1. Using θ = phi - 60° and the Karplus form 6.51 cos²θ - 1.76 cosθ + 1.60, what ³J(HN,Hα) does each residue of the stretch 69-77 get, whole Hz, x for Gly and Pro?
2. With each label point set 7 Å from Cα along the Cα-Cβ vector, what nm distance links GLU62 and THR123?
3. Which order results if GLU106, GLU62, GLU100 are arranged by neighbouring Cβ count within 10 Å, fewest first?
4. Once fully extended, how much extra length lies between GLN37 and SER18, figured as 0.36 nm per residue of separation less the alpha-carbon to alpha-carbon distance?
5. Using the alpha-carbon centroid of each, what span in Å lies between the stretch 1-55 and the stretch 81-142?
6. Using a 7 Å offset from the Cα along the Cα-to-Cβ direction at both TRP108 and GLN55, what is the distance between the two label points in nm, to one decimal?
7. For a protection proxy built on the mean count of beta-carbon atoms within 10 angstrom, sort 17-26, 36-45 highest first, please.
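Values in this text are rule-based calculations from the coordinates and carry no lab data. Quantities reported herein were computed from a predicted structural model and do not represent experimental measurements. Note: ideal-geometry Cβ built from the backbone for every residue, glycine included; neighbour counts use all protein chains shown.
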Amino acid sequence: MISLVAKIIGWLERFPLSILQFLFRFTIAAVFWNSGQTKIASWLTTVALFRDEYQVPILPPEVAATLAATVELTCPVLLVLGLATRLATLPMLGMTFVIEVFVYPENWLEHLTWATTLLFILTRGPGPFSLDHFIAQMTGMRSALSADK
């Protein structure tokens with residue numbers, strides 16, 4: 001029985017990190033992309049939500065809504081493509097922090113999941129299935145944006 005468990009663990013440890021890197025990029029991108037699509041589907045409703053429910057401090061609702069929609073519609077595209085991947089995680093992490101602290105603190109487990117996924121991408125890079133990796137290979141460099149650990 002111990003031998004079987006050891007074999008299974010051995011197989012699991014050989015699972016390609018590159019597949020996980022792509023799947024993490026794709027899944028967190030989908031979360032933010034879907035939210036961005038909802039925001040632009042009814043802009044007046046979105047601004048009203050930012051004014052009445054979200055109440056992000058300091059920023060006027062129109063500005064906060066615009067910033068949120070911009071992050072949610074640009075950063076996911078960059079993540080899926082694997083272009084400026086690590087940079088793209090930063091506004092998403094910032095947004096996750098703001099949502100957790102000021103908007104829905106009771107949803108901490110969901111936000112922790114988002115942050116964990118984004119931190120994995122930030123610290124481990126996009127992997128070989130990315131434009132960052134392709135660009136690094138084409139330029140003969142291993143840039144900080146595409147490190148494949």
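1. With the stated coefficients, the stretch 69-77 comes to 5, 4, 4, 5, 9, 9, 4, x, 5 Hz.
2. Here the answer is 4.2 nm between the modelled labels.
3. On the way: GLU106 9, GLU62 13, GLU100 18.
If I rank by nearby Cβ atoms, fewest first, I get GLU106, GLU62, GLU100.
4. Working it through step by step, the gained length comes to 4.0 nm.
5. Cα centroid of the stretch 1-55 versus Cα centroid of the stretch 81-142: 10 Å apart.
6. Distance between the two pseudo-spin positions: 2.1 nm.
7. 17-26, 36-45
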